[in-house]
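Step one of this worksheet: look at the structure below.
The values are calculated or read from the model by the stated rules, or taken from the named source; none is laboratory data. Quick caveat: nothing in here was measured; it's all calculated off a predicted structure. Cβ sites come from the backbone with ideal geometry, for glycine too, and all protein chains shown count toward neighbours. When the accessible area is computed, the model is the full protein with side chains, heavy atoms only, and any ligands, DNA or RNA have been set aside. Shrake-Rupley method; radii C 1.70, N 1.55, O 1.52, S 1.80 Å.
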Amino acid sequence: MGEYATRLVVGVGGRAGVSVAEVCALVEETLRGAGLPSEAVTALATVESKVLEAGITGAAERFGVPLIGYPAEELAAVHVPHPSDAVRDAAGTPSVAEAAALAGGGELLVPKRRSVAATCAVATAHAHDLRHHGDAEVVDAGGALVDLAVNVRSDTPPEWLKQRIASSLGDLAAYPDGRAARAAVAGRHGLPVERVLLTAGAAEAFVLIARALGAVRPVVVHPQFTEPEAALRDAGHQVRRVLLRAADGFRLDPAAVPEDADLVVVGNPTNPTSVLHPAATLAALARPGRILVVDEAFMDAVPGEREALAGRMDVPGLVVLRSLTKTWGLAGLRIGYVLAEPEVIAKLAAAQPLWPVSTPALVAAEACVAPAALAEAEAAARRIAVDRAHLLAGLAEFDEITVSGVAEGPFVLIRVAGAAQVRTRLRALGFAVRRGDTFPGLDHSWLRLAVRDRATTGRLLQAMDHALALAAH
């Protein structure tokens, strides 16, 4: 299977008498257009009534893969993005190709494509693990590994912040009062307090959005942080995906987002691609009746926070999420906030439990948006940019490694042959890196590396050289 590690299933349908040549030509053209290799196909799938269709069985034989037949009633229960009443009447399922491709539990990569007498769609053979996070790479390592898997800034929280948090411990007998912190966040972004909601990290905000805003047709732009989709699925939503391509530098074309989407989620800069989308591109996604969620958890690691939408009040339906856990090393404290129209904030607040943010977290929030802290974060962002350039220059020395897109965040996404083995070897050499295959739109050939200081990067590059040398033998 070469370097493409993701297994694919191609769903196929066809009229009676469709030829082998037509089915094969459609499948090959579809794969080629999506940049997917035919050798990654592990099966063709269709509805049971078509398993004896000579053109379809012949195509499976020509690809050298099995043909899977599903009962029509099983396929009818599979949610598909492009249903057809005519197909439902004829075959018992609203889309033979899409439903058959998805029946194994995978994720749609290429929606339905048609020729004169055939249809096909492409899906992964298995679903991505949306609950896998970078801390899983180091949780049981006991500090023995250099952590390049988690995107929290190293050597944080700073001493002054620890002291501020510690000073709040005498107030733990009283219930938390978030008014001062909320006002501080509002002032930091030049917004009225009615546009601010404090949350237990960005993760809580994703759950509130999924449960409280009544979305019917949510869309998540991938590859990106997987918690938004996981929260939407947990809340019972059918989630559609827009998959950005490495060949396009993971850049977003607003036209790729379905016009009928009433909730769109996108990261900026995006985890794990590190791509910073222009603010104008994201604002172009706004529509009447649509909630546009922009996850800016890493925006304070971008010098000048250029392309930020936080603080904008001219974009209808805009919801901006911010986290204070990455830059300030507060992942264990859980603090973040939402910026949105007052009506949206009110709906989200109504879905929160009482006192969702602890007193120490509120003290941290107020401290981290103070002018001195903002200046410190800006200085850190500039150092990260220099350290990232050093990392990218070192990675460019390896012919085996590709970086897609322009990295602007505190992490870099790389593609490397045998990435799973390279990751294991790096671990043996003392470095934990983040696997990429749990992100929709990526496969086993991707790894994410957190940006660290030049000395740490130098040791990583030496370890990478050893790991790749071992892979070559």
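Scanning segment 218-255 for residues that are under 16 Å from the mean Cα position of the chain (by Cα), more than 24 Å from residue 414 (Cβ to Cβ) and of a type in the set (A, V, I, L, M) yields 219, 230, 231, 232, 239. When residues in segment 8-59 are screened for being surrounded by fewer than 17 Cβ atoms within 10 Å (Cβ to Cβ), on the phi < 0 side of the Ramachandran plot and part of a loop (DSSP other than H, G, I, E, B), 7 of them pass. Restricting attention to segment 102-113, the residues that are open to solvent by 20 Å² or more (accessible area, probe 1.4 Å) and touching a residue at least 24 places away in the same chain (Cβ under 8 Å) total 8.
Given the criteria out of contact with any Leu (no Cβ under 6 Å at 6 or more places or on another chain) and not hydroxyl-bearing (Ser, Thr, Tyr), does residue 77 qualify? Answer is yes for this residue.
Only one entry in 387, 437, 465, 453 is in contact (Cβ under 8 Å) with a residue 12 or more places away in the chain and within 30 Å of residue 242 (Cα to Cα), namely 437. Scoring residue 434 on the criteria (1) assigned to a loop (DSSP other than H, G, I, E, B); (2) at pLDDT 90 or above leaves a single failure, condition (1).
Being at pLDDT below 95 and under 19 Å from the mean Cα position of the chain (by Cα) narrows it down to one residue among 123, 205, 210; which is it? Among 123, 205, 210, only 123 is at pLDDT below 95 and under 19 Å from the mean Cα position of the chain (by Cα).
Checking each residue in segment 401-424 for being within 23 Å of residue 248 (Cβ to Cβ) and loosely packed, with under 15 Cβ neighbours inside 10 Å picks out only 406.
Restricted to segment 291-329, and to residues that are on the phi > 0 side of the Ramachandran plot and of a type in the set (D, E, K, R), which residue is least open to solvent (accessible area, probe 1.4 Å)? Applying the filter and picking the extreme gives 305. Within segment 161-174, is even one residue open to solvent by less than 20 Å² (accessible area, probe 1.4 Å) and at pLDDT below 90? Looking for residues that are open to solvent by less than 20 Å² (accessible area, probe 1.4 Å) and at pLDDT below 90, one finds none in segment 161-174, hence no. Taken over segment 437-470, the criterion of being part of a helix (DSSP H, G or I) and open to solvent by less than 50 Å² (accessible area, probe 1.4 Å) is satisfied by 456, 457, 458, 460, 461, 463, 464, 467, 468, 469.
Within segment 355-372, residues that are free of Cβ contacts under 8 Å to residues at least 60 places away in the same chain have Cβ atoms under 9 Å from residues that are open to solvent by 30 Å² or more (accessible area, probe 1.4 Å) and hydrophobic (A, V, I, L, M, F, W, C) in these pairs: 372/160, counting only partners at least 6 apart in sequence or on another chain.
Let's see how each residue does on (1) open to solvent by 10 Å² or more (accessible area, probe 1.4 Å); (2) part of a helix (DSSP H, G or I); (3) more than 14 Å from residue 264 (Cα to Cα):
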{"position": "216", "(1), (2), (3)": "yes, no, no"}
{"position": "221", "(1), (2), (3)": "no, no, no"}
{"position": "228", "(1), (2), (3)": "no, yes, no"}
{"position": "232", "(1), (2), (3)": "no, yes, no"}
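Given the condition assigned to a helix (DSSP H, G or I) and open to solvent by 60 Å² or more (accessible area, probe 1.4 Å), answer yes or no: does some residue in segment 349-356 qualify? Yes, because at least one residue in segment 349-356 is assigned to a helix (DSSP H, G or I) and open to solvent by 60 Å² or more (accessible area, probe 1.4 Å). Filtering segment 73-101 to residues that are open to solvent by less than 30 Å² (accessible area, probe 1.4 Å) and either more than 12 Å from residue 13 (Cβ to Cβ) or not acidic (Asp, Glu) (or both) leaves 75, 80, 84, 91, 93, 94, 95, 96, 97, 99, 100, 101. Out of the residues in segment 234-265 meeting the condition of being touching a helix residue (DSSP H, G or I) at 6+ places or on another chain (Cβ under 7 Å) and in a loop (DSSP other than H, G, I, E, B), tell me which one is farthest from residue 344 (Cα to Cα). Here the answer is 252.
Cβ-Cβ distance below 7 Å, separation of 6 or more or different chains: which pairs start in segment 317-345 with a residue that is part of a strand (DSSP E or B) and end on one that is open to solvent by 10 Å² or more (accessible area, probe 1.4 Å) and of a type in the set (Asp, Glu)? Close Cβ pairs satisfying both conditions: 321/295. Candidates are the residues of segment 126-146 that are crowded, with 21+ Cβ neighbours inside 10 Å and outside any loop (DSSP other than H, G, I, E, B); the one that is modelled with the lowest pLDDT is 134.
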